[in-house]
Structures are given as structure tokens and as C-alpha cells.
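Q: Quick one: the structure is below, questions incoming.
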Amino acid sequence: MRHDNSPAVQKERSFIEQARRLQIADAAAEVVAELGYAKTSLARIAEKAGISKGVITYHFGSKDEILRLVATQFFDRCWQYMEPRILAEETAIGQVKVWVGSQLEYFSTHRVEFLAMAEIMTNHRGGDGTLAYAEEIAEEIDGVAEILRRGQLAGELRQFDPRSVANIILRSADGVLGSWATSPTLDLMSQSGVLLDFIEHAIRKEPS
């Protein structure tokens, strides 16, 4: 039990606990990537982290809480990588291509975390049985759709339904990632280049 509430101890414990939580989340990501969502357990996470199961239950209330952290911290790290690259682009086509391309680039260098995130997003559900990350998926579609709308208003992109096309673009990227997940020898960056060329030709407004 934690009883010492002095500021000095709280500050030190907060740092240590955060480091321990991240250690546990990293171990959980490895287990999920290796064994899949269904076979991931607190015991296996503890074994991977080199700690006792009791240490895990001290820091987390459930396996679901750990896996939620695994996914959300990966989302956050990936967006930190993507955002400045997207904002550096001046055109809608450039921003959409960088959105997709930088995401695939980040995933390509973080394969274990990507595999874990994909497993969790596919299988993790809320208390009512709905997919736990539906809101995050919708937000991503909305973000790309907004770029597409701006590109249409600027006369850069042809006319289409921005949200439908945003969904198609992102699901196409998912398809490339799915192939890479099952075939690790696949050249993801080469596939990314093909996809980005396809996206540009699909959305740009041809000269009159």
C-alpha cells in the first residue's frame, strides 16, 4: 500500500512509477506482437518484463488497461512524428501524401509496436462490446477529409466526397500494412511509394 503523501516522495514515486508503467507497456507490446491478443496474459507480460505479476497489478488495474496504454502511446508517438511533417507541406496533395507516407515510414521502423497496436485495435472492445478505437479511427478520417476539402476549395483537387475518399485512402494504407504484417520481407517503403503515386493521381485536379 502507498501511504507516504509527502511532496518529495510523490514526485520521486511519480517518476519511478511512470518509468515502470512504460517498461510494462513495452513488454506487453512484445508479447502481443509475438503471441497475439488472445494469448497475452499478465503472467506472460511479467515474464517478458522480468518482474513479478504482483508488480504489474500494483501499477495497473487490468490487462485491458495495459493494452490500452500500449496502443495510445504508440498513437501519440506516431503523431508526434507525423504532425510537423504534415504541417511543413503547403499543398493539400503534399499534406495527404505526407500523412500516409510518414505514418508508413514510422511503422516501418517500429514493427513490434505496430503489430501490437494492430492486434489491440482489432480485438480490444469496450464494456458494451463495441470496438474500443472507433473514435480514433473516425478522427483520423476527419483529419484527412478536412485536408481534402481545403484542397478542393483551393482548386487543387477534383470534386468528390472528402470523407468517403479519406476513408478509402486510409483503408488502402491499411491494406498495404496488412500485407507487410504477414510478409515481413515485403519492402514497405517501396509499396508506400506506389500507394502515394496512386493517391495523387486519384485526387488531383487535371488541367483543363
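The values are calculated or read from the model by the stated rules, or taken from the named source; none is laboratory data. Quick caveat, the model's predicted, so the values are computed rather than measured. All Cβ positions, glycine included, derive from the backbone under ideal geometry; neighbour counts span all protein chains shown. Only protein heavy atoms, including side chains, enter the accessible area calculation; ligands, DNA and RNA are left aside. Shrake-Rupley method; radii C 1.70, N 1.55, O 1.52, S 1.80 Å.
Q: Let's see if you can work this out: charge +1 on each Lys and Arg Cβ, -1 on each Asp and Glu Cβ, no other charges. What is the dipole magnitude of the chain about its Cα centre, in debye to the nearest 20? Walk me through the numbers before you get to the answer.
A: Details: 23 positive and 30 negative charges, 96 e Å.
Here the chain has a charge dipole of around 460 debye.
Q: Here's something else I'd like to know. Cross-chain or 8 or more residues apart, Cα under 22 Å: how many lysine pairs in the chain fit that? Count them up, please. Could you put the intermediate results ahead of the total?
A: On the way: 39/48; 39/53; 39/63; 48/63; 53/63; 97/205.
For the chain, qualifying lysine pairs total 6.
Q: Which angle between 0 and 90 degrees, to the nearest 10, do you get for helix 92-108 versus the longest principal axis of the chain when only C-alpha atoms count?
A: 40 degrees
Q: As a test of understanding, state the convex hull volume per residue of segment 49-136 from its alpha carbons, in Å³.
A: Values: hull volume 10.2 nm³, N = 88.
It is 116 Å³ per residue.
Q: Picking from 165, 186, 122, whose Cα lies most toward the positive end of the charge dipole for segment 83-208 (charges on Cβ: Lys, Arg +1; Asp, Glu -1)?
A: 165
Q: By how many degrees, 0 to 90 and rounded to 10, does the Cα axis of helix 162-182 deviate from the longest principal axis of the chain?
A: Value to nearest ten degrees: 60.
Q: Counting helices only, and only those DSSP H runs with n ≥ 4, report the 222 nm mean residue ellipticity of the chain as the sum of -39,500 (n - 2.57) divided by its residues, in deg cm²/dmol to the nearest 500. It would help to have the intermediate numbers written out before the result.
A: On the way: 9 runs with 156 residues, N = 208.
Taking each H run of at least 4 residues, the total per residue is -25000 deg cm²/dmol.
Q: Could I ask something else about it? What is the percent of Cα-Cα separations in the chain that go past 30 Å?
A: On the way: 7425 of 21528 pairs.
Here the long-distance tail beyond 30 Å is 34 percent of all Cα pairs in the chain.
Q: Using the Cα atoms of segment 43-93 to build a convex hull, what is its mean projected area in square nanometres?
A: Working: hull surface 20.2 nm².
Computed as one quarter of the Cα hull surface, the answer is 5.1 nm².
Q: At a probe radius of 1.4 Å, what is the per-residue accessible area of residue 121, in Å² to the nearest 10?
A: 50 Å²
Q: Indicate the gyration tensor shape class of segment 124-208 (rounded, prolate or oblate), computed on the Cα atoms with a ≥ b ≥ c the square roots of the eigenvalues: a/c under 1.5 is rounded; otherwise a/b larger than b/c is prolate and the rest oblate. Can you show the working numbers first?
A: Details: a/c = 3.69, a/b = 1.26, b/c = 2.93.
The shape class here is oblate.
Q: Based on the alpha-carbon gyration tensor of segment 87-152 and its eigenvalue square roots a ≥ b ≥ c, which shape applies: rounded if a/c is under 1.5, prolate if not and a/b is larger than b/c, or oblate? Don't jump to the answer; show the numbers that get you there.
A: Values: a/c = 4.74, a/b = 1.51, b/c = 3.15.
It is oblate, given that a/c is not under 1.5 and a/b is not larger than b/c.
Q: Give me D for segment 125-172 in µm² s⁻¹, whole number, from Stokes-Einstein with Rh from the Kirkwood sum over alpha-carbon pairs, 4 °C and 1.567 mPa s. Mind dumping the intermediate values first?
A: Working: Rh = 11.7 Å.
After rounding, the answer is 111 µm²/s.
Q: Which angle from 0 to 90°, rounded to the nearest 10, does the C-alpha axis of helix 111-123 make with the longest principal axis of the chain?
A: 90 degrees
Q: If one computes the Cα centroid of segment 136-168 and of segment 73-122, what distance in Å separates the two points?
A: A separation of 17 Å, based on Cα centres.
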